[in-house]
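Chemist: Here it is: the structure, laid out below.
The values are calculated or read from the model by the stated rules, or taken from the named source; none is laboratory data. Predicted, not measured: the structure shown is a model, and the values here were computed from it. Counting neighbours? That spans all protein chains shown, and the Cβs are built from the backbone with ideal geometry, glycine included.
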Amino acid sequence: MTIPNQEFPKEIYAKRRSRVAQSILEKSGGGILIIDTAAEKYRNRDSDFPYRHDSDFYYLTGFSEPGATLVMIIAPDKTETIVFCRPKDLDREIWDGWRLGPEAAPQYLGIDCAFSNDLLIEKMPGYLSNKNAIFSRLINAEPMNSQLKNWLNEVKGLARTGASSPAALFDAETIIHEMRLFKDAHEINIMRRAGKIAALGHIKAMQASRSGLREYHLEAELLHTFRYAGSQSVAYNSIVAAGANACVLHHRAGDAQLKDGELCLIDAGCELDGYASDITRTFPINGKFSGAQKAIYEIVLAAQEAAITQTKPGLDFQAPHEAALRVLTQGLLDLNLIDRSLVGGLDNALETKAYQRFYMHRTSHWLGMDVHDVGQYREPGSNAEPKAWRTLMPNMVLTIEPGLYIRKSDDIDPKYWDIGIRIEDDALVTTGDCELMSRDVPVSVSEIEYLMKHSS
């Protein structure tokens, strides 16, 4: 932990907490919200994994230190915000870095008060007494849920003093995640910057590509560029997949050699100030697409363009996927990769999912603080079964990532063997056409070939 930026935008986080408080008032008339951050994770002897804060906690506080808990006491006439955090400890700070501490936290974070985290267990029963509802995370929330049971038992033990325990327990994620689905201006600006950094990393990897290198060499270009440009981390484990490895959807960069005449698929993004970018490009290792590679690539690119046209307000989350599927499936029929004599025309091929052998994932997912970000994909509150797909609205962010993966098989023309192609960009839904926040990296065949031909 380094000394924080003195221009910390505490007003942004205060506004988000205010919205959460209002939702809690509307749902239960008040109560108490408890959200803790992620724990540090042990890697091996005397070493931890690089620390990454919990996204929900960070969304409401902007505080990235471990060992912290947010408590909000919400009533119709007042909301009190409390943070429990690590105390100042000069000895530990010599080893692990600077700590904000509870004395400085209220002014810096814009909260009402703060305490050392070793006082959490002592103070929580008092905070829980006489509250009508608790809002906390109900799934994958250990050890907080176990501790919450202990606190409630303590509150029940005070019944003879007139204290009452909360009568209702709600999942705080239903409120916070609905908010996180819609990005504010602060978030959008960060994600635009993250998209530019990730795009630069992809460009550097393309420019470095040549036969004889290994997948990890291109991964190194990505990592160097992301960090050099100011991002704090990768947003997820980078996929660098050469040749047949591109047909493995989550292939980790390994020691496979880049070979002349093959393709390389890179799916990589950076994390900047807590927000992810997510870009995929596929390019020829030698800088020139073969005829078969180009044919498949053009189908995938056309599918992405079709999906982009369907990424606008009023349409639903499924619309881009359906648009991409039609183009991909028609392309597979045109190249005889799907046998028309067996499946008939396009509509029947779609109905029978004849494409699924070559395209087995969805076209989009939400993007934000997490690379597969939170937010319901079906309309919340609907009683229909199945619920309707979520209607796209301005300030939602999603990926658009069609692909085709053609593995070696006796019934496939050998010229298509081991061609795996995916193209992915990050789309911000606006009031009109979507904004692609990741298009600073070439995407067309001619742009990619030009870039690689003129690489220094």
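Chemist: Could you count how many residues in segment 158-173 are in contact (Cβ under 8 Å) with a residue 60 or more places away in the chain and out of contact with any strand residue (DSSP E or B) (no Cβ under 8 Å at 6 or more places or on another chain)?
Modeler: Start the filter on segment 158-173 by keeping residues that are in contact (Cβ under 8 Å) with a residue 60 or more places away in the chain, which leaves 166, 168, 170, 172-173.
With out of contact with any strand residue (DSSP E or B) (no Cβ under 8 Å at 6 or more places or on another chain) added as a condition, the list becomes 173.
So the count comes out to 1.
Chemist: Turning to a different aspect of this structure: Give 87, 125 a once-over and let me know the one that is surrounded by 14 or more Cβ atoms within 10 Å (Cβ to Cβ) and either under 32 Å from the mean Cα position of the chain (by Cα) or over 28 Å from residue 29 (Cβ atoms) (or both). Give the steps one after another, and end with the answer.
Modeler: Values: 125 fails: either under 32 Å from the mean Cα position of the chain (by Cα) or over 28 Å from residue 29 (Cβ atoms) (or both).
Among 87, 125, only 87 is surrounded by 14 or more Cβ atoms within 10 Å (Cβ to Cβ) and either under 32 Å from the mean Cα position of the chain (by Cα) or over 28 Å from residue 29 (Cβ atoms) (or both).
Chemist: With the structure loaded, tell me whether residue 422 is surrounded by fewer than 18 Cβ atoms within 10 Å (Cβ to Cβ), closer than 26 Å to residue 274 by Cα and out of contact with any Cys (no Cβ under 7 Å at 6 or more places or on another chain) or whether it fails that test. Before the answer, list the steps.
Modeler: Details: surrounded by fewer than 18 Cβ atoms within 10 Å (Cβ to Cβ): no; closer than 26 Å to residue 274 by Cα: yes; out of contact with any Cys (no Cβ under 7 Å at 6 or more places or on another chain): yes.
No.
Chemist: Additional query: Kindly provide the set of residues from segment 74-84 that are surrounded by fewer than 19 Cβ atoms within 10 Å (Cβ to Cβ), within 14 Å of residue 33 (Cα to Cα) and either in contact (Cβ under 8 Å) with a residue 40 or more places away in the chain or of a type in the set (Phe, Trp, Tyr) (or both), ordered by number.
Modeler: 75
This table checks each residue for (1) at pLDDT below 95; (2) touching a helix residue (DSSP H, G or I) at 6+ places or on another chain (Cβ under 7 Å); (3) in the same structural domain as residue 140 (by TED's automatic domain parsing).
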residue: 25; (1), (2), (3): no, no, yes
residue: 31; (1), (2), (3): no, yes, yes
residue: 40; (1), (2), (3): yes, no, yes
residue: 49; (1), (2), (3): yes, no, yes
residue: 52; (1), (2), (3): no, no, yes
residue: 60; (1), (2), (3): no, yes, yes
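Chemist: Only residues that are in contact (Cβ under 8 Å) with a residue 60 or more places away in the chain, among the hydrophobic types (A, V, I, L, M, F, W, C) and crowded, with 18+ Cβ neighbours inside 10 Å: list them for segment 289-314, please.
Modeler: If the condition is that a residue be in contact (Cβ under 8 Å) with a residue 60 or more places away in the chain, among the hydrophobic types (A, V, I, L, M, F, W, C) and crowded, with 18+ Cβ neighbours inside 10 Å, then 289, 296, 299, 300, 301, 303, 307, 308 are the ones that fit.
The rows are residues; the columns are (1) at pLDDT below 95; (2) out of contact with any Ser or Thr (no Cβ under 9 Å at 6 or more places or on another chain).
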| position | (1), (2) |
| --- | --- |
| 141 | yes, yes |
| 183 | no, yes |
| 199 | no, no |
| 223 | no, no |
| 227 | no, no |
| 245 | no, yes |
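Chemist: Working only within segment 35-67, note down all residues that are farther than 23 Å from residue 107 by Cβ and in contact (Cβ under 8 Å) with a residue 24 or more places away in the chain.
Modeler: Listed by number, the residues that qualify are 38, 39, 40, 50, 52, 55, 56.
Chemist: Let me ask something else about it. Can you tell me which residue is surrounded by the most Cβ atoms within 10 Å (Cβ to Cβ) among those in segment 266-288 that are over 15 Å from the mean Cα position of the chain (by Cα) and of a type in the set (S, T, N, Q)?
Modeler: Within segment 266-288, the subset over 15 Å from the mean Cα position of the chain (by Cα) is 266, 281-288.
Still in the list and also of a type in the set (S, T, N, Q): 282, 286.
Details: 282: 27, 286: 17.
If we take residues in segment 266-288 being over 15 Å from the mean Cα position of the chain (by Cα) and of a type in the set (S, T, N, Q), then 282 is surrounded by the most Cβ atoms within 10 Å (Cβ to Cβ).
Chemist: Looking at this structure, is residue 115 of a type in the set (Phe, Trp, Tyr), touching a residue at least 12 places away in the same chain (Cβ under 8 Å) and within 21 Å of residue 175 (Cα to Cα)?
Modeler: Values: of a type in the set (Phe, Trp, Tyr): yes; touching a residue at least 12 places away in the same chain (Cβ under 8 Å): yes; within 21 Å of residue 175 (Cα to Cα): no.
Here the answer is no, as residue 115 does not meet what is asked.
Here's the yes/no breakdown for (1) of a type in the set (Gly, Ala, Ser); (2) over 20 Å from residue 288 (Cα atoms); (3) buried (at least 20 other Cβ atoms within 10 Å of the Cβ); (4) in contact (Cβ under 8 Å) with a residue 60 or more places away in the chain:
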site: 208; (1), (2), (3), (4): yes, no, no, yes
site: 219; (1), (2), (3), (4): no, yes, yes, no
site: 228; (1), (2), (3), (4): no, yes, no, no
site: 231; (1), (2), (3), (4): yes, yes, yes, no
site: 255; (1), (2), (3), (4): no, yes, no, no
site: 264; (1), (2), (3), (4): no, no, yes, no
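Chemist: Still on this structure, I have one more. Could you tell me whether residue 92 is over 29 Å from residue 177 (Cβ atoms), under 28 Å from the mean Cα position of the chain (by Cα) and either without any contact (Cβ under 8 Å) to a residue 12 or more places away in the chain or not in a strand (DSSP E or B) (or both)? Outline the logic, then answer.
Modeler: Numbers: over 29 Å from residue 177 (Cβ atoms): yes; under 28 Å from the mean Cα position of the chain (by Cα): no; either without any contact (Cβ under 8 Å) to a residue 12 or more places away in the chain or not in a strand (DSSP E or B) (or both): yes.
So residue 92 does not fit the description; no.
Chemist: List, please: which pairs have Cβ atoms under 9 Å, are six or more places apart or on different chains, and start with a residue in segment 139-157 that is in contact (Cβ under 8 Å) with a residue 40 or more places away in the chain and end with one that is assigned to a loop (DSSP other than H, G, I, E, B)?
Modeler: Cβ pairs passing all conditions: 144/137; 148/141.
Chemist: Looking only at segment 95-109, how many residues end up being surrounded by fewer than 19 Cβ atoms within 10 Å (Cβ to Cβ) and in a loop (DSSP other than H, G, I, E, B)? Give the derivation first.
Modeler: First, the residues of segment 95-109 that are surrounded by fewer than 19 Cβ atoms within 10 Å (Cβ to Cβ): 95-98, 101, 103-104, 106-108.
Imposing the further condition that a residue be in a loop (DSSP other than H, G, I, E, B) reduces the set to 97-98.
The total comes to 2.
Chemist: Is there a residue being touching a Pro at 6+ places or on another chain (Cβ under 9 Å), closer than 21 Å to residue 20 by Cβ and not β-branched (Val, Ile, Thr) anywhere in segment 162-181? Quick ask: steps written out before the conclusion?
Modeler: Just the residues of segment 162-181 that are touching a Pro at 6+ places or on another chain (Cβ under 9 Å), to begin with: 163, 174, 178.
If we keep only those that are closer than 21 Å to residue 20 by Cβ as well, we get 174, 178.
Within this subset, residues satisfying the condition of being not β-branched (Val, Ile, Thr) are 178.
Yes; the residues of segment 162-181 include at least one that is touching a Pro at 6+ places or on another chain (Cβ under 9 Å), closer than 21 Å to residue 20 by Cβ and not β-branched (Val, Ile, Thr).
Chemist: Here is a further query. Could you tell me how many of the residues in segment 365-389 are outside any loop (DSSP other than H, G, I, E, B) and buried (at least 20 other Cβ atoms within 10 Å of the Cβ)? Before the answer, list the steps.
Modeler: Residues of segment 365-389 outside any loop (DSSP other than H, G, I, E, B): 366, 378, 389.
Pick out the ones that are also buried (at least 20 other Cβ atoms within 10 Å of the Cβ) and you get 366.
Selection size over segment 365-389: 1.
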